[in-house]
Every structure is written in C-alpha cells, then in structure tokens.
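A short reminder: the numbers here are calculations on the coordinates, not readings from a lab. This structure is a prediction, so every number in the text was calculated from the model and none was measured. Backbone-built Cβ (ideal geometry, glycine too); neighbour counts: all protein chains shown.
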Amino acid sequence: MKIGIANDHTATDMKKELVEYLEAQGHEVINFGTDGYESADYYIYGEKVANAVASGEVEKGIAICGTGVGIGMACNKVNGIRACMCSEPYSAKYTRLHNDANIITFGARVIGIEMAKMIVDTFLNTEFEGGRHQRRVNGIMDIERRNRTNQ
Ligand code: RB5
C-alpha cells in the first residue's frame, strides 16, 4: 500500500522506525517530514499528509505529534479527511470498521514504538464494514459539505 507519514519534532525517531517497519512489510511510504528535532509546527505536516490522502496520492496516512491531538485536528480540517487519534488497537480497528478513517494519529509522548506498530498494523489491515456505517460516514461528510467555505 502507498502510505503517507508526517510528524512534528517530538516524533521524528518514532516516524523513522515506523517507516523502516512499513517498508520491510513491502509498503511504499512517502515521508512528509519533519525529519528534524528542532521545534516544528505540527499543523504544517498534518496538512501535507492530509492533502496527499485527500488527493489520492497516497491511500492512507499516519500523523504523529506529541499527543496525536494537534496534528489530528489539522488533518481533519482538510476536506475528505477522517483522521482518528488512537492510543490502542481497539480504537484503530473500529475507526476503520465503522468510520472508514483514512488517517491515524497518535502521540509519540503517549505511547511506545511497539504499541504504535500494533496500531498501524490494525489500521492498515482492517477494511471498512460499510452497510449502516456507510450512511453514518455519509452523514459526517454531509456536515463537511454544508460547512465548506470556498476561498
Ligand atoms: C509540541 O510541544 C506539542 O504541542 C505537539 O507535539 C502536540 O502534542 C500538539 O498537539
């Protein structure tokens, strides 16, 4: 699968380990940065990976900051994005099954690398269930359409 990944300075090491892990599984990973350790604004990187998912450049996205919260908020401002912050695999599984999430976010200051790998594996390997959940996802996207501003 073609996957986009982005992070702020708190998550550079975790991102690097995840890229290696995913590439070893045969995934193609596009890295949207940052690769540095100096203070960096998470929203810049969140927007980059979210745009890549929204445009279809990548199929799914991974976004990491200190908590996973700020970068997730930024991702969710991009039309077409359903980013979910998960600190454990149960939520990662159900946000795919029920919400058709297309970006997963988590906090490098909250969870360790082994938990991050489990979350990512679950997110990438769980299919959307559709059915009644499709109607609800459509409802979420209708909210976006009703509130979209064209600037
Ligand atoms: C950076 O200090 C921190 O605010 C950021 O990584 C993230 O946790 C924001 O939500």
Quiz item: Is the range 103-121 home to any residue that is assigned to a loop (DSSP other than H, G, I, E, B) and surrounded by fewer than 14 Cβ atoms within 10 Å (Cβ to Cβ)?
Solution: yes
Quiz item: For the range 91-123, which residues satisfy the criterion of being polar (S, T, N, Q) and in contact with a helix residue (DSSP H, G or I) (Cβ under 6 Å, 6 or more places away or on another chain)?
Solution: Asn102, Thr105, Thr122
Quiz item: Of all residues in the range 65-80, which are crowded, with 24+ Cβ neighbours inside 10 Å and among the β-branched types (Val, Ile, Thr)?
Solution: Ile71
Quiz item: Take the residues of the range 11-38 that are within 19 Å of Ile71 (Cβ to Cβ) and hydrophobic (A, V, I, L, M, F, W, C): which is surrounded by the most Cβ atoms within 10 Å (Cβ to Cβ)?
Solution: Ala11
Exercise. Starting from the range 48-70, take each residue that is under 15 Å from Ile81 (Cα atoms) and list its partners that are among the basic types (Lys, Arg) and part of a loop (DSSP other than H, G, I, E, B), counting only C-beta distances under 8 angstrom and pairs at least six apart or across chains.
Key: Ala50/Lys77
Quiz item: Which number in (1) within 16 Å of the ligand (Cβ to nearest atom); (2) part of a loop (DSSP other than H, G, I, E, B) marks the one condition that Met73 misses?
Solution: (2)
Practice problem: Could you please find all residues in the range 96-149 being more than 25 Å from Lys2 (Cα to Cα) and of a type in the set (Lys, Arg)? | Solution: Arg109, Arg132, Arg135, Arg136, Arg145, Arg146, Arg148
Self-check item: Test set (1) of a type in the set (Lys, Arg); (2) closer than 17 Å to Lys2 by Cβ; (3) more than 16 Å from the ligand (Cβ to nearest atom) - Lys48 fails condition number
Solution: (3)
Quiz item: Can you pull out the residues in the range 5-31 that are touching a helix residue (DSSP H, G or I) at 6+ places or on another chain (Cβ under 8 Å), part of a helix (DSSP H, G or I) and within 17 Å of Gly72 (Cα to Cα)?
Solution: Met14
